[in-house]
Amino acid sequence: MSDQMRIMLPGPTPCPASSLRAMARPMINHRGKEFMAMLEGLTADLRWAYQTQNDVLILTTSGTGALEAAIVNMLSPGDRVLALITGEFGKRFAKIAETYGAVVDKVEAVYGEPVTPEMVAEKVGGAAYKAVLVTHNETSTSLLNPLKEIAEVIRRALPDTLILVDAVSGLLTAPLPVDEWDLDVVLSGAQKAFMIPPGLAFASVSPRAWAAHAEAKMPRFYFDFTKARDFLKKGQTPWTPAISLFFALEEAMVLLKKEGLPGIFERHALMARMIRAGAKALGLRLVVENDRYASMAVTGVYPPEGISPAALRKTLQDRFGYVVAGGQGPLTDSIIRIGHCGFYDAADMLGMLAVLEASLTQLGAKIPVGAGVAAAEAELAARTAVAH
Ligand SMILES: *Cc1c(COP(=O)(O)O)cnc(C)c1O
């Protein structure tokens, strides 16, 4: 029995000590010079992370708040939108739009499979959509959608349609050059790859999106982007921000910028490859079988026949202190999800696979003990060989 919990969740994720320590700093005036400098610096850092020249707004809310902000700031009741759904988070985005009175058309993929550019092309030909809602990384199934290709199809058919992207778990885990892909509003959140505790979310807003915002009539108050932009010009946020999380984000950004975007993407890709190779070597089935669409943030795995995800998660937690996520929606009782987005390294993945092997054995599964760790180690060795 371990007394230290290791969270292997797709949010919240572990935080570097420097980020956590920063949160103990005394409060400052959020209408003062020090906060102004911090907000300006962080906004620039976020532009770097988003690879964009667009405005980036920092919201004190969880990721879902950012999704809601995108809907209410861009749309009017009665607007037709197309929702591309590959899992529970895609459904949530669509549900928010419906809640506020949008008329939502849906493209739904089989769970574990992406929405393809072909599926999108079929829908957007000749249709007049105000916006398309798309999930970059679908955390519930552990799937990375082919967003670049999807965005190209949308742009070709509907040059003025807004592309609103849920990248809460996707940003910084896989390439997402916002300007190059011409994406209008891109949402992300603190507790995933940004390596800080939950409570902040980010939204990039393109010129096309600002123009739509000026006409958008959905009700809004706390999340009003006009207020956010006007206050940002003064180096402030409209409402009291989660100042401690801003301190944490400053420290996380120091580490992220030092690593650089290519390094950050490579790290996440390595974590994903290690877990996928390890699970496969143990004879376990992955939710997303095609490597091309594998999430870099989280990996969904089916336990062997006869072992419930709940029992496996309990053993992992009670015996070893490893906390993994369960499934969501229709996958609730069939999978576990191993998070590897944010502050993890190769040793974390090897440890995860070792305790997975031990837990499965404990539960009576006949697995090739050692094969999971060995396969993951081989991925690590291959990467290291390339790097030197
Ligand atoms: C985590 C996550 C969210 C937001 O969830 P919150 O709990 O509101 O922070 C939204 N979309 C995706 C894809 C996510 O992974």
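The values are calculated or read from the model by the stated rules, or taken from the named source; none is laboratory data. This structure is a prediction, so every number in the text was calculated from the model and none was measured. Every residue, glycine among them, receives a Cβ derived from its backbone with ideal geometry; neighbour counts consider all protein chains shown. What goes into the accessible areas is simple: the full protein's heavy atoms, side chains included, and nothing from ligands, DNA or RNA. Shrake-Rupley method; radii C 1.70, N 1.55, O 1.52, S 1.80 Å.
Residues are listed down the side, and each one gets a yes or a no for (1) farther than 16 Å from residue 8 by Cα; (2) touching a strand residue (DSSP E or B) at 6+ places or on another chain (Cβ under 9 Å); (3) open to solvent by less than 40 Å² (accessible area, probe 1.4 Å):
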site	(1), (2), (3)
277	yes, no, yes
288	yes, yes, yes
292	yes, yes, no
337	no, yes, yes
347	no, no, no
### Query
For segment 120-133, does any single residue satisfy the condition of being away from the ligand (no atom under 12 Å from the Cβ), at positive phi and open to solvent by 10 Å² or more (accessible area, probe 1.4 Å)?
yes
### Query
In the list 87, 101, which residue meets the criterion of being over 27 Å from residue 230 (Cβ atoms) and either in contact (Cβ under 8 Å) with a residue 60 or more places away in the chain or not basic (Lys, Arg) (or both)?
87
### Task
Could you tell me whether residue 106 is more than 16 Å from the ligand (Cβ to nearest atom) and either free of Cβ contacts under 8 Å to residues at least 40 places away in the same chain or within 13 Å of the chain's Cα centre (by Cα) (or both)?
yes
### Query
What helices (runs of 4 or more DSSP H), lying completely within segment 243-345, carry at least 1 residues that are modelled with pLDDT of 95 or more and over 30 Å from residue 36 (Cβ atoms)?
261-281, 309-320
### Query
Inside segment 206-243, can you point out the residues that are hydroxyl-bearing (Ser, Thr, Tyr) and surrounded by fewer than 19 Cβ atoms within 10 Å (Cβ to Cβ)?
222, 226, 240
### Summary
For segment 77-103 the number of residues that are within 16 Å of the ligand (Cβ to nearest atom) and hydroxyl-bearing (Ser, Thr, Tyr) is 2
### Query
Name the pairs whose Cβ atoms lie under 6 Å apart, with the first residue in segment 56-69 and among the acidic types (Asp, Glu), the second open to solvent by 20 Å² or more (accessible area, probe 1.4 Å), and 6 or more positions between them or separate chains?
none
### Task
Assess whether residue 99 counts as being more than 19 Å from the chain's Cα centre (by Cα), open to solvent by 60 Å² or more (accessible area, probe 1.4 Å) and more than 18 Å from residue 201 (Cα to Cα).
yes
### Query
residue 139 passes all but one of (1) β-branched (Val, Ile, Thr); (2) within 16 Å of the ligand (Cβ to nearest atom); (3) surrounded by fewer than 23 Cβ atoms within 10 Å (Cβ to Cβ); which number fails?
(3)
### Task
Could you please find all residues in segment 174-205 being open to solvent by less than 10 Å² (accessible area, probe 1.4 Å), under 23 Å from residue 75 (Cβ atoms) and either assigned to a loop (DSSP other than H, G, I, E, B) or away from the ligand (no atom under 15 Å from the Cβ) (or both)?
176, 178, 183, 184, 204, 205
### Query
Which residues, taken from segment 152-173, are farther than 12 Å from residue 131 by Cβ, in contact (Cβ under 8 Å) with a residue 40 or more places away in the chain and open to solvent by 10 Å² or more (accessible area, probe 1.4 Å)?
168
#### Entry: segment 260-281 residues that are over 17 Å from residue 139 (Cα atoms), paired with ones that are part of a helix (DSSP H, G or I) and open to solvent by less than 10 Å² (accessible area, probe 1.4 Å) (beta carbon under 6 Å, 6 or more apart)
274/349; 274/376; 277/376; 278/353; 278/372; 278/376; 281/372
### Task
Could you grab me the full set of residues in segment 356-373 that are among the charged types (D, E, K, R) and either within 15 Å of residue 278 (Cβ to Cβ) or not in a loop (DSSP other than H, G, I, E, B) (or both)?
357
### Task
Kindly provide the set of residues from segment 33-75 that are closer than 15 Å to residue 227 by Cα and polar (S, T, N, Q), ordered by number.
60, 73
### Query
What do you reckon, is residue 76 within 21 Å of residue 223 (Cα to Cα), in contact with a helix residue (DSSP H, G or I) (Cβ under 8 Å, 6 or more places away or on another chain) and surrounded by fewer than 19 Cβ atoms within 10 Å (Cβ to Cβ)?
yes
#### Entry: Checking residue 13 against (1) within 30 Å of residue 317 (Cα to Cα); (2) open to solvent by 20 Å² or more (accessible area, probe 1.4 Å), the condition it does not meet
(2)
### Query
Can you name the residue in segment 106-119 that is open to solvent by less than 40 Å² (accessible area, probe 1.4 Å) and not small (Gly, Ala, Ser) and is also nearest to residue 158 (Cα to Cα) among such residues?
117
### Query
Which condition number does residue 285 fail, the rest of (1) of a type outside the set (A, V, I, L, M); (2) under 19 Å from the mean Cα position of the chain (by Cα); (3) over 27 Å from residue 70 (Cα atoms) being met?
(2)
## Note on the structure
When restricted to 157, 151, 167, the only residue within 16 Å of the ligand (Cβ to nearest atom) and aliphatic (A, V, I, L, M) is 167
